Amino acid sequence: MDNWKLDTIDGVAVLSWDMPGRSMNVLNEGSMSEFAEAIETLVADDAVEGIVITSGKTDFAAGADLTMLGGSSANAEGALPKDRAKALFEQSHQLNQLLRRLETCGKPVAAAIPGTALGGGLEVALACHYRVLADNPKAQVGLPESKVGLMPGAGGTQRLPRMLGAMQSLPLMLQGKSLRKDAALAMGVVNEVAPASEIVAKATAWIKSKPEAVQPWDKKGYRIPGGGPYSKSGAPIFMMGTAMLRKESYGNYPAQEAILQAVYEGLQVPMEAALRIESRLFTSLLLDPTSRNMIRSLFLSMQELGKGARRPQGVAPTNCQKLGILGAGMMGAGIAYVSAKAGIECVLLDRDQASADKGKQYSADLLDKLILKKRSTTAKRAQLLDLIHTTSDYADLAGCDLVIEAVFEDRGIKADVTKKTEAVINEDAIFASNTSTLPITGLAEASIRPEKFVGIHFFSPVDRMGLVEIIVGEKTGDEALAAAVDYVGKIRKTPIVVNDSRGFYTSRCFGTYVQEGLEMLAQGVSPALIENAGRQTGMPRAPLEMNDDVALDLSYKVGMQTKKDLGDAWIETPVTGIIEKMVVELERFGRKNGKGFYDYPEGAPKHLWKDLTDLVKEQTGNEQLAEQPDVEHLKQRLLYRQAIEASRCFEEKVVTDVRDADVGAILGWGFAPWSGGPLSLIDTVGVARFVEDCDALAATYGPRFEPGGLLREMAANGESYYGRFNPSQVAAA
Amino acid sequence: MTDAFIYDAVRTPRGRGKKDGSLHEVTALELGTQVLENLRDRSELDTANIDDVIFGCVSPVGEQGTDIARMSVLNADYEETVAGVQVNRFCASGLEAVNMASAKVMSGEADMAIGGGVESMSRVPMGSDGGPMASDPEFAMKTYFVPQGISADLIATKHGFSRNDVDAYAVESQSRADAAWKAGRFSRTIVPVTDRNGIEVLAHDEHMRPGTTVESLESLRPAFADMGKQYGFDAVAMQRYPEVAAMEHVHHAGNSSGIVDGAAGVLVGNEAIGQKLGLKPRARIRAMASIGSEPCIMLTGPEKVTAKVLQRAGMTKDDIDIWELNEAFASVVLRYMQALDLDHSQINVNGGAIAMGHPLGATGAMILGTVLDELERTGKSTALATLCVGAGMGTATVIERV
């Protein structure tokens, strides 16, 4: 065996999972087929009393190898749909049969879990008769599959509900939250918690106690905790659970629906049938493009980008030890926090000491809240705050490896701080701008070392947003880019790399969503319908609501600036009048002053401003449409408008890697995660169909929906983004 | 095709559907039995002439299981040749049963049949039969399932009925029912429920609250607000009806149909059997129809089935003298009146289920009897009875006095 080690001590077989060349065990074909063989051998061996399954690594196992899953459905492509489904079902069901064999083998089987057991890892443990978890504070136990568009497929949807009941187990699977040792023990996911050095001994002791080697659900008289789906106590769980799921998911997430269905159907039948039900649902997800797209973008691509996939090759690794941050406002303060958290010494500079101190206070407040929630400690707080030095003196920036400016979005101010900084930092230090709107190439003109000048665009709030958009200006060199990627990796965020352009990638595309909502408003689409359509697309917020949150006066100012910049190229739309009237005359700025597209009554939920439709009529002459458009049409407009902008960014080489485009969209502006990102969406719709739909939209609504030449070419050739621009092939070429 | 005629109609009084309701001590079987006994005895029927008994029952489990219609036939000592079948079209089951009995007569399958229904909601609570409608996640997700009260509130929200509108409607239902009882307008059809010794158990509808005013209803909290907000059903309704900006919850126990126990039966036959038995037909079945409608809003089937049944009858709205729509919720009737442009004076003239209650499986047969009595009292000719139905359906019957 390559992946397992076997020791038999005094009649107890200890089977230790230890895959070579990996820090973490995963369920793949190799490890599982060896496991199956080992089990059969041990069951047949009369000298073996019972089996302990453990791991030779710090953790137990992280789950199935998702690259394998992606591959399996991709490999089967081209086969007849029915044959493909059958092959996937048989493949998926194999593992279920193996684990069912384990729990009915007649000998007691215990799992000794040294650390994390997630997904398939936990499912192997659940098929054992007894579980001992190490007293390891880092250990995570859970079934997180739904987070990447999958469901537990190795009996998890059947065993966990039979152990905990539907009420307790469904949230764990639907939200994919993992448990720490105490919660796992309290809920009954594990039977015992013991020091790591004793888990095998404890498991062995349990076997030596001559336990009955039968799972509770295989015993006569077994009752599901909390009752089955048609019991008095069980029925409401499924009725309310479905409504809550639709409320949260808008019906966009097939994995969550499949989990709920697996529990509902499975709890009504014995285990063998239940496992087939699970495998059938699991197969349906493998065949669903939503799951493929989510796995690809939210797991594989994100992981690759996080590991520096977009880092220029041939540049030695850098390790930012000392970081300068210019401007201690909301962004600067946030950057200081996440950087200090990663152990980086920060110099937080503002025009006076008090402002800089205020920026540091942000970290202190944040940590206080975490301590209250028991998610940090006073020691960690002190350690982190010690790393943030506040100052108003540029001389303190000396010795910084990287300086990020987060001052006002004003070219003059930015030029000034660039010069002052470059006067004190080393020649090889990198200077970065955290601008969200101003082109980097222009800002770099103020620099004496434009090749060391790069854009590092954080999202707000910095401590919660996982994406960082790195912008390569015309003169930005590979060393600056590599240093930026390395830094983003060090603070444990996901970097995407884009080229310079107005709004870069994320701001440019995000704006189209909000703008399209405004266009609908101006046309006489009912505000409630616009908002509900927006929410149904899977965007985190509705368009008008989002306008209010960003602040209308800010949008207005940005609009005016863009108008000035673009000159004759600026296109006046009916929307401009609505925003101008709301900002200039009515002072409806949005959430921040309690009135915008919504009203924000004290102590009551916000509601759409009742005079909004009158304003639309006054500004545009448009009455509310007598026949309102279908919500599906509005959803298409809102999603396709963003997707077409992303396709333009790709064609214009603002983004050059499909992973950047998709991951950046989801993490950066919340683009419908179920879709896997705008380019995945286009691929899934089919490029030809997408072009056709966009042509139709352009005919009705104007050139903003016009597909570009690249899209038309791909449509004509029957190509897709992930086919033609597949990152592994692009890299190889 | 053979014409089907109504020869008689009876109903029990409706008992409060709670443990302290007068009919709580009476089995569902006994309610069904007494309906059949009364139909037999009032017409001095030789029951060998009856081919089939069709009973609506919405929760046909427990003591309402094992085909409550056949059980009632046997228990009422009908000839053993009389068959029995239980049907479920949710709230319209009782009317559907009459329609099916009529269809058997029209087709020539039967000369005489009884359609009716029974529901002891105090003894077999609503929902006792389970079912995938609310519980099968994939199905409920696909059909945007929400509880009926949420559907009723959705109708009110979407079609603009305020709390005051629905309460005012409820108040009128109470006062009409009270007046009708006082004037003895139900006396021809009501058959008191008695015990095994012949002692009267209940002789009147006990759910009514005469003297209800809009002010007295004001203090009642909307019954479905918490369910809508906390358990996601408002969101489900709004995802199906995205034009709705926010759900308004206006329904409560005072403007929704009452939960009650009761049974009813309608004796239907062809002309020849009536002549043979010396029975006088009271009305002819002009047309019958059922239809499916959108299941999330669920309760808008009546306007759709009305169009269908009128077309089948070759009639227009103006040909109908009296309208009867089950008062499942006030907004259901208000929306029907709005959609068909009916005045409240034309519909539910003797009150309805908000005042007197809605024994699910039986109500359809009850309102048909009520509207027939009213035609006879007023000397009018035609009536249309209809009910909204769970999962999005409507059932309707047009009758004409002969």
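The values are calculated or read from the model by the stated rules, or taken from the named source; none is laboratory data. Here the structure is a predicted model, which is why all the values come from computation and not from measurement. A quick note on method: Cβ atoms are made from the backbone with ideal geometry, for glycine too, and the neighbour counts reach across all protein chains shown. All accessible areas refer to the heavy atoms of the entire protein, side chains included, with ligands and DNA or RNA removed. Shrake-Rupley method; radii C 1.70, N 1.55, O 1.52, S 1.80 Å.
At a glance:
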{"item": "Given (1) of a type in the set (D, E, K, R); (2) surrounded by fewer than 18 Cβ atoms within 10 Å (Cβ to Cβ); (3) facing chain A (nearest Cβ under 9 Å), index of the condition B:ASP234 fails", "result": "(2)"}
{"item": "Selection within segment A:121-153 - under 20 Å from A:MET32 (Cβ atoms), touching a Phe, Trp or Tyr at 6+ places or on another chain (Cβ under 9 Å) and part of a loop (DSSP other than H, G, I, E, B)", "result": "A:HIS129, A:LEU150, A:MET151, A:PRO152, A:GLY153"}
{"item": "Number of positions in segment B:123-153 that are among the polar types (S, T, N, Q), over 17 Å from the mean Cα position of the chain (by Cα) and more than 8 Å from every other protein chain (Cβ to nearest Cβ)", "result": "3"}
{"item": "Positions within segment A:36-67 being in contact with a strand residue (DSSP E or B) (Cβ under 8 Å, 6 or more places away or on another chain) and in a helix (DSSP H, G or I), in sequence order", "result": "A:ALA38, A:ILE39, A:LEU42"}
{"item": "Residue satisfying all of: in segment A:362-395; open to solvent by 70 Å² or more (accessible area, probe 1.4 Å) and in contact (Cβ under 8 Å) with a residue 12 or more places away in the chain; nearest to A:CYS320 (Cα to Cα) among these", "result": "A:HIS389"}
{"item": "For A:ALA186: the one exception among (1) in a helix (DSSP H, G or I); (2) closer than 24 Å to A:LEU27 by Cα", "result": "(2)"}
{"item": "Among the candidates B:VAL266, B:VAL309, residue that is closer than 18 Å to B:ILE50 by Cα, aliphatic (A, V, I, L, M), touching a residue at least 24 places away in the same chain (Cβ under 8 Å) and surrounded by 22 or more Cβ atoms within 10 Å (Cβ to Cβ)", "result": "B:VAL266"}
{"item": "Test set (1) within 14 Å of another protein chain (Cβ to nearest Cβ); (2) open to solvent by 20 Å² or more (accessible area, probe 1.4 Å) - A:GLU479 fails condition number", "result": "(1)"}
{"item": "Every residue from segment A:568-592 that is β-branched (Val, Ile, Thr) and either closer than 12 Å to A:LEU615 by Cα or modelled with pLDDT of 90 or more (or both)", "result": "A:VAL575, A:ILE578, A:ILE579, A:VAL583, A:VAL584"}
{"item": "Selection count where residues are not aliphatic (A, V, I, L, M) and not in a loop (DSSP other than H, G, I, E, B), scope segment B:186-240", "result": "12"}
{"item": "Residue within segment A:309-318 that is touching a residue at least 60 places away in the same chain (Cβ under 8 Å), open to solvent by less than 10 Å² (accessible area, probe 1.4 Å), in contact with a helix residue (DSSP H, G or I) (Cβ under 8 Å, 6 or more places away or on another chain) and closer than 23 Å to A:VAL498 by Cβ present", "result": "no"}
{"item": "Residues within segment A:98-120 that are on the phi > 0 side of the Ramachandran plot and either part of a strand (DSSP E or B) or touching a strand residue (DSSP E or B) at 6+ places or on another chain (Cβ under 9 Å) (or both), tallied", "result": "1"}
{"item": "Single unsatisfied condition, B:TYR169 versus (1) assigned to a helix (DSSP H, G or I); (2) more than 14 Å from chain A (Cβ to nearest Cβ); (3) without any contact (Cβ under 8 Å) to a residue 60 or more places away in the chain", "result": "(3)"}
{"item": "Residue satisfying all of: in segment A:247-305; over 29 Å from A:ASN726 (Cα atoms) and among the β-branched types (Val, Ile, Thr); farthest from the other protein chains (Cβ to nearest Cβ) among these", "result": "A:VAL269"}
{"item": "Subset tally (residues that are assigned to a helix (DSSP H, G or I) and over 30 Å from B:THR157 (Cα atoms)) for segment B:272-308", "result": "6"}
{"item": "Per-region count, segment A:422-438, residues of a type outside the set (Asp, Glu), out of contact with any His (no Cβ under 9 Å at 6 or more places or on another chain) and surrounded by fewer than 21 Cβ atoms within 10 Å (Cβ to Cβ)", "result": "5"}
{"item": "Those helices (runs of 4 or more DSSP H) lying entirely in segment A:601-672 with at least 3 residues away from every other protein chain (no Cβ under 14 Å), in contact with a strand residue (DSSP E or B) (Cβ under 9 Å, 6 or more places away or on another chain) and modelled with pLDDT of 95 or more", "result": "A:658-669"}
{"item": "Restricting segment A:526-543 to residues that are aliphatic (A, V, I, L, M) and touching a Gly at 6+ places or on another chain (Cβ under 9 Å), the residue that is farthest from the other protein chains (Cβ to nearest Cβ)", "result": "A:MET539"}
{"item": "Matching residues in segment A:686-705 - criterion: being free of Cβ contacts under 8 Å to residues at least 24 places away in the same chain and within 17 Å of A:ARG648 (Cβ to Cβ)", "result": "A:ASP695, A:ALA698, A:GLY702, A:PRO703"}
{"item": "A:SER233, sole failed condition from (1) more than 9 Å from every other protein chain (Cβ to nearest Cβ); (2) at pLDDT below 95; (3) open to solvent by less than 50 Å² (accessible area, probe 1.4 Å)", "result": "(3)"}
{"item": "B:GLY130 being open to solvent by 20 Å² or more (accessible area, probe 1.4 Å) and modelled with pLDDT under 95", "result": "yes"}
{"item": "A:LYS563, sole failed condition from (1) basic (Lys, Arg); (2) open to solvent by less than 60 Å² (accessible area, probe 1.4 Å); (3) away from chain B (no Cβ under 14 Å)", "result": "(2)"}
{"item": "Segment B:27-64, residues that are open to solvent by 10 Å² or more (accessible area, probe 1.4 Å) and closer than 23 Å to B:PHE90 by Cβ", "result": "B:THR27, B:LEU29, B:ASP52, B:VAL58, B:PRO60, B:VAL61, B:GLY62, B:GLU63"}
{"item": "Enumeration of residues in segment A:707-727 that are more than 29 Å from A:ARG311 (Cβ to Cβ) and without any contact (Cβ under 8 Å) to a residue 60 or more places away in the chain", "result": "A:GLY709, A:ARG712, A:GLU713, A:ALA715, A:ALA716, A:ASN717, A:GLY718"}
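Per-residue answers, yes or no, for (1) touching a strand residue (DSSP E or B) at 6+ places or on another chain (Cβ under 8 Å); (2) surrounded by fewer than 24 Cβ atoms within 10 Å (Cβ to Cβ):
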residue: A:ALA134; (1), (2): yes, no
residue: A:LEU143; (1), (2): yes, no
residue: A:LEU150; (1), (2): no, no
residue: A:THR157; (1), (2): no, no
residue: A:LYS181; (1), (2): yes, yes
residue: A:MET187; (1), (2): yes, yes
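Yes/no matrix, rows are residues, columns are (1) touching a strand residue (DSSP E or B) at 6+ places or on another chain (Cβ under 7 Å); (2) outside any strand (DSSP E or B); (3) of a type in the set (Phe, Trp, Tyr); (4) without any contact (Cβ under 8 Å) to a residue 40 or more places away in the chain:
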{"site": "B:LEU23", "(1), (2), (3), (4)": "yes, yes, no, no"}
{"site": "B:GLY32", "(1), (2), (3), (4)": "yes, yes, no, no"}
{"site": "B:LEU36", "(1), (2), (3), (4)": "yes, yes, no, no"}
{"site": "B:PHE55", "(1), (2), (3), (4)": "yes, no, yes, no"}
{"site": "B:TYR78", "(1), (2), (3), (4)": "no, yes, yes, no"}
{"site": "B:GLN86", "(1), (2), (3), (4)": "yes, no, no, yes"}
{"site": "B:ALA97", "(1), (2), (3), (4)": "yes, yes, no, no"}
{"site": "B:SER102", "(1), (2), (3), (4)": "yes, yes, no, no"}
